[in-house]
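J.: I have a structure I would like to understand better, so I am pasting it below and will then ask my questions one at a time.
The values are calculated or read from the model by the stated rules, or taken from the named source; none is laboratory data. Not measured: the values here are computed from a predicted model. Here the Cβ is made from the backbone with ideal geometry for all residues, glycine too, and neighbour counts use every protein chain on show. Just so you know, the surface numbers come from the protein's heavy atoms only, side chains and all, with ligands and any DNA or RNA stripped out. Shrake-Rupley method; radii C 1.70, N 1.55, O 1.52, S 1.80 Å.
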Amino acid sequence: MRIGFGYDSHRLVEERRLILGGVEIPAEMGLIGHSDADVLLHALCDAILGAIGEGDIGGHFPDSDPAYKDISSRELLIRVKELAARRGYIVNNADATLVLERPRLKEYIPAMVANIADFLAVEAGRVNVKASTNEGMGFIGRGEGVAAFAVVTLKSSRDL
Ligand code: MG
């Protein structure tokens, strides 16, 4: 059994789409980044990379590399899952928390869970996504950005 933790944050700006957990969410502002800036999927990538001792997302998909410009974070998470599989690990479960002031995400969370379960090739019951505000405090409270935290456990594929 391996455990990994991931954290990411991205800045909110106008004229960008807000994509969280692979779901496009209607909003006045979206996240800026080299990829689609899906902060939730990035935190999950880092959690999986951490669990297998493979550094971080920036090391695997550098933002200096034009190959990753505007790439869907779905592709990054699937590649990370495949790297874990080559190391002999599959996802046991994933839990994540998004922190943002608005919009409210409740109605979009089931679609995020379904996407993540699909990308990680696990049943939806092994994926949990939560959303919290930051009670108006700090950069998140001011609406300047969104953060995500993720924890995953992996199990050896040899135990199947
Ligand atoms: Mg990121």
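J.: Residues to consider are R158, R142; find the one that is modelled with pLDDT of 95 or more and among the basic types (K, R).
T.: Details: R158 fails: modelled with pLDDT of 95 or more.
Exactly one residue qualifies, and that residue is R142.
J.: Also, quick follow-up: Report, by residue number, each residue of the range 121-160 that is aliphatic (A, V, I, L, M) and either open to solvent by 70 Å² or more (accessible area, probe 1.4 Å) or out of contact with any strand residue (DSSP E or B) (no Cβ under 7 Å at 6 or more places or on another chain) (or both). Give the derivation first.
T.: Going through the range 121-160, the residues aliphatic (A, V, I, L, M) turn out to be 121-122, 124, 127, 129, 131, 137, 140, 146-148, 150-152, 154, 160.
Within the range 121-160, A121, A124, M137, L160 meet the criteria.
J.: Among all residue pairs at least 6 apart or on different chains, which show Cβ distances below 8 Å where the first residue, located in the range 1-14, is farther than 21 Å from E101 by Cβ and the second is within 14 Å of the ligand (Cβ to nearest atom) and among the basic types (K, R)?
T.: Partner pairs satisfying both residue conditions: none exist.
J.: Whether any residue in the range 29-36 is away from the ligand (no atom under 13 Å from the Cβ) and out of contact with any Cys (no Cβ under 8 Å at 6 or more places or on another chain) is what I want to check. Outline the logic, then answer.
T.: Start the filter on the range 29-36 by keeping residues that are away from the ligand (no atom under 13 Å from the Cβ), which leaves 29-30.
If we keep only those that are out of contact with any Cys (no Cβ under 8 Å at 6 or more places or on another chain) as well, we get 29-30.
Scanning the range 29-36, I find at least one residue that is away from the ligand (no atom under 13 Å from the Cβ) and out of contact with any Cys (no Cβ under 8 Å at 6 or more places or on another chain), so the answer is yes.
J.: Here is a list: I116, I90, I71. Which entry is in contact with a helix residue (DSSP H, G or I) (Cβ under 7 Å, 6 or more places away or on another chain), within 19 Å of S35 (Cβ to Cβ) and β-branched (V, I, T)?
T.: Working: I90 fails: within 19 Å of S35 (Cβ to Cβ); I71 fails: in contact with a helix residue (DSSP H, G or I) (Cβ under 7 Å, 6 or more places away or on another chain).
On inspection, the qualifying residue turns out to be I116.
J.: Mind checking which pairs have a first residue in the range 80-94 that is basic (K, R) and a second that is in a strand (DSSP E or B), Cβ under 8 Å, 6 or more apart or different chains?
T.: Hits for this filter: K81/V91.
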